[in-house]
1. So, ASP35, is that one in contact with a helix residue (DSSP H, G or I) (Cβ under 6 Å, 6 or more places away or on another chain) and within 16 Å of the ligand (Cβ to nearest atom) or not?
2. May I ask you to list the residues in the range 181-227 that are of a type in the set (A, V, I, L, M, F, W, C), within 21 Å of PRO41 (Cα to Cα) and not in a loop (DSSP other than H, G, I, E, B)?
3. Among the residues of the range 27-41 satisfying the criterion of being open to solvent by less than 10 Å² (accessible area, probe 1.4 Å) and of a type outside the set (Gly, Ala, Ser), which is farthest from THR111 (Cα to Cα)?
4. Check TRP64 against each of (1) within 16 Å of the ligand (Cβ to nearest atom); (2) open to solvent by less than 20 Å² (accessible area, probe 1.4 Å) and name the one condition it does not meet.
5. Out of the residues in the range 181-198 meeting the condition of being away from the ligand (no atom under 14 Å from the Cβ) and touching a strand residue (DSSP E or B) at 6+ places or on another chain (Cβ under 7 Å), tell me which one is nearest to PHE135 (Cα to Cα).
6. Tell me, please, whether a residue that is touching a Leu at 6+ places or on another chain (Cβ under 7 Å) and either at negative phi or open to solvent by 70 Å² or more (accessible area, probe 1.4 Å) (or both) can be found in the range 130-139.
7. Identify the single condition in (1) at pLDDT 95 or above; (2) assigned to a loop (DSSP other than H, G, I, E, B); (3) within 16 Å of the ligand (Cβ to nearest atom) that TRP242 does not satisfy, given that it satisfies every other one.
8. From the list ASP28, ASP42, exactly one residue is closer than 23 Å to ASN219 by Cβ and away from the ligand (no atom under 15 Å from the Cβ). Which is it?
Amino acid sequence: MRVLVISDIHANLTAFEAVLEDAAGLWDKIWFLGDLIGYGPDPNECAELLCQYDPIALSGNHDWAVLGKLDISTFNAEAKAAITWTRATLNEQTRDYLKSLPAMRIEGVFTLAHASPRQPVWEYILDPYTAALNFDFFNTVYCLVGHTHVPVWFEEEDVYQVVPRMPEYGRPMHLPQNRLIINPGSVGQPRDSDPRAAYALLDTETLCWEYRRVPYDINKVQKRMRACDMPSRLVNRLEYGW
Ligand code: ZN
């Protein structure tokens with residue numbers, strides 16, 4: 001099966017549409033790793049579009065926060081403002097959809113978690129040390145995560161010996177037999193200094209993985225965010241990819 005692996009759409013419909021167009025015809029199923037809403041101006045539109053494809057989908061910390069399942073006192077001021085705006089904007093259909101999503105699940109040799117297998121909605125796997133500790137918390141060969149908005153894969157070469165690998169775009173890679181924790185990056189708010197939407201393609205039979213990036217009309221999204229009175233830091237960061 002060919003899988004479109006996406007994460008952290010964050011209510012950015014324009015970026016999500018660009019990914020779907022770029023990947024058209026190349027996948028059979030969507031695996032979405034959570035954070036459908038928060039930050040962007042189009043939460044209901046993103047939910048409606050995602051649902052059309054009957055995806056395997058997870059919920060993330062922003063999804064939980066909007067539903068009141070997570071204390072937002074630890075969120076920064078801009079993230080809090082976005083959550084408050086999103087709460088007021090969500091329609092019932094989107095709310096019900098978010099409520100139905102699990103935080104973690106297993107698909108064949110892949111564990112899917114929004115943040116980490118150890119803490120599925122909260123922990124950031126940003127370094128090999130944190131990744132190494134997380135290999136004890138899933139039983140499949142591979143684990144796919146989002147949450148950091150940074151595309152990377154962590155390979156366990158030996159027990160607690162983990163090597164990070166940065167993405168090479170447009171070059172499909174064979175997944176090694178070593179265990180991996182892989183992040184496809186973020187569709188709607190990349191944070192690796194590359195403002196293009198990030199996603200990946202995975203073939204579950206050949207175990208081929210391809211990191212991809214696609215530009216989208218950032219200006220168009222920023223205009224909609226300004227019209228919703230979103231904090232300017234959230235508006236500006238999209239064009240820098242941080
Ligand atoms: Zn996120």
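1. On the way: in contact with a helix residue (DSSP H, G or I) (Cβ under 6 Å, 6 or more places away or on another chain): yes; within 16 Å of the ligand (Cβ to nearest atom): yes.
So ASP35 fits the description; yes.
2. Going through the range 181-227, the residues of a type in the set (A, V, I, L, M, F, W, C) turn out to be 181-182, 187, 197-198, 200-202, 207-209, 214, 218, 221, 225, 227.
Restricting the remaining residues to those that are within 21 Å of PRO41 (Cα to Cα) gives 187, 197-198, 214, 218, 221, 225, 227.
Selection gives ALA197, ALA198, VAL214, ILE218, VAL221, MET225, ALA227.
3. By that ranking, first place goes to ILE37.
4. Here TRP64 clears every test but (2).
5. First, pick out the residues of the range 181-198 that are away from the ligand (no atom under 14 Å from the Cβ): 181-182, 193-196.
Checking the rest, the ones that are also touching a strand residue (DSSP E or B) at 6+ places or on another chain (Cβ under 7 Å) come to 181-182, 194, 196.
Working: ILE181: 8, ILE182: 12, ASP194: 28, ARG196: 30 Å.
The residue in question is ILE181.
6. Taking the range 130-139 first, the residues touching a Leu at 6+ places or on another chain (Cβ under 7 Å) are none.
No.
7. (1)
8. On the way: ASP28 fails: closer than 23 Å to ASN219 by Cβ.
It is ASP42.
The values are calculated or read from the model by the stated rules, or taken from the named source; none is laboratory data. Bear in mind the structure is a predicted one, so any value in this text is a computation, not a measurement. Positions of Cβ are backbone-derived with ideal geometry, glycine not excepted, and every protein chain shown enters the neighbour counts. Calculation scope for accessible area: heavy atoms of the full protein, side chains included, ligands and nucleic acids excluded. Shrake-Rupley method; radii C 1.70, N 1.55, O 1.52, S 1.80 Å.
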